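J.: First the structure, then my questions, so here it is.
No value in this document is a laboratory result; all are computed from the given coordinates. Nothing here was measured: the structure is a model prediction, and the numbers come from that model. Counting neighbours? That spans all protein chains shown, and the Cβs are built from the backbone with ideal geometry, glycine included.
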Amino acid sequence: MTAGLDPVTVMKQEVGRAAANRVKSGSIVGLGTGSTTAFAIQCLGERLRSGELTDIRGVPTSFQASVLAKQHGIPLTTLDEIDRIDIAIDGADEVDPQKNLIKGGGAAHTREKIVDSLAEQFIVVVDRSKLVDRLGTTFPLPVEVLPMAVTPVMQAIEKLGGKPELRMGVKKDGPVITDQGNMVLDVTFGAIDNPAELEKTLNNIPGVLENGLFVGVADVVLVGEIKDNHPSV
Ligand code: 5RP
């Protein structure tokens with residue numbers, strides 16, 4: 001185990017590394033957001049520095065991912081400059097048995113959905129606690145909303161049976177603002193019967209940019225776990 005790190009962090013590191021080790025030279029790589037993907041980005045940087053991996057370019061899903069990628073020496077590109085994404089690595093907040101996801105705990109789900117959906121192969125990196133039988137049972141659904149439309153969007157969501165809450169920053173002195181300059185509603189629906197339908201219905205409300213339901217997007221889910229205090233993937 002890596003010295004000084006707690007078992008949960010080591011497990012995130014291992015699952016991130018397992019995903020990064022699947023990246024081949026010459027690939028265009030979608031770089032997700034969050035604490036687990038951060039380890040994948042770190043590992044990609046290490047593989048580049050060692051010469052084991054060459055000629056990759058990253059497409060970041062957030063400001064956070066782009067800063068991390070630069071710190072680890074990963075060359076970046078944009079969707080305007082490429083015609084494919086070979087592989088994307090990203091975390092999730094919930095994963096159901098059909099590999100449908102709730103994402104957006106880091107308020108980055110709008111860009112994440114664009115990049116992850118374009119990838120030839122999308123690998124999800126999570127720990128066992130993210131696995132659920134039905135989406136919506138442990139994590140509220142993030143919905144990115146234009147600031148001027150927050151009130152009508154909240155009313156429309158309540159009519160659908162959801163309980164929306166404006167996401168506040170850590171210090172609770174103002175709302176979280178996304179990389180696009182928008183706000184995030186965290187919506188409690190309880191167990192979601194039909195994620196595909198709810199995904200479309202929410203995105204049809206004027207003022208909604210994107211919601212955190214990722215239906216039919218993930219190809220592979222790598223799950224980290226801790227048994228007898230030992231992390232594994
Ligand atoms: C960001 C996300 C993250 O991928 C998700 O919140 C998981 O993060 P972590 O790996 O830190 O648990 O969707 O918008």
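J.: Would you please list the contacts, defined by Cβ atoms under 6 Å and residues six or more apart or on different chains, that run from a residue in region 10-22 that is charged (D, E, K, R) to a residue that is surrounded by fewer than 21 Cβ atoms within 10 Å (Cβ to Cβ) and outside any helix (DSSP H, G or I)?
T.: Qualifying pairs under 6 Å: Glu14/Val233.
J.: Just one of the numbered conditions (1) within 16 Å of the ligand (Cβ to nearest atom); (2) over 15 Å from the mean Cα position of the chain (by Cα); (3) charged (D, E, K, R) is not true of Lys70; which one?
T.: (1)
J.: State the number of residues belonging to region 1-47 that are in contact with a strand residue (DSSP E or B) (Cβ under 9 Å, 6 or more places away or on another chain), of a type in the set (Gly, Ala, Ser), assigned to a helix (DSSP H, G or I) and surrounded by fewer than 19 Cβ atoms within 10 Å (Cβ to Cβ).
T.: Adding up the residues that qualify gives 0.
J.: Within region 156-171, take every residue that is out of contact with any strand residue (DSSP E or B) (no Cβ under 9 Å at 6 or more places or on another chain) and without any contact (Cβ under 8 Å) to a residue 24 or more places away in the chain and give me the one that is surrounded by the most Cβ atoms within 10 Å (Cβ to Cβ).
T.: Checked region 156-171; the qualifying residue surrounded by the most Cβ atoms within 10 Å (Cβ to Cβ) is Lys159.
J.: State which residue is surrounded by the most Cβ atoms within 10 Å (Cβ to Cβ) when the search covers only region 84-131 and only residues that are within 14 Å of the ligand (Cβ to nearest atom) and over 14 Å from the mean Cα position of the chain (by Cα).
T.: Filtering first and then ranking leaves Leu131.
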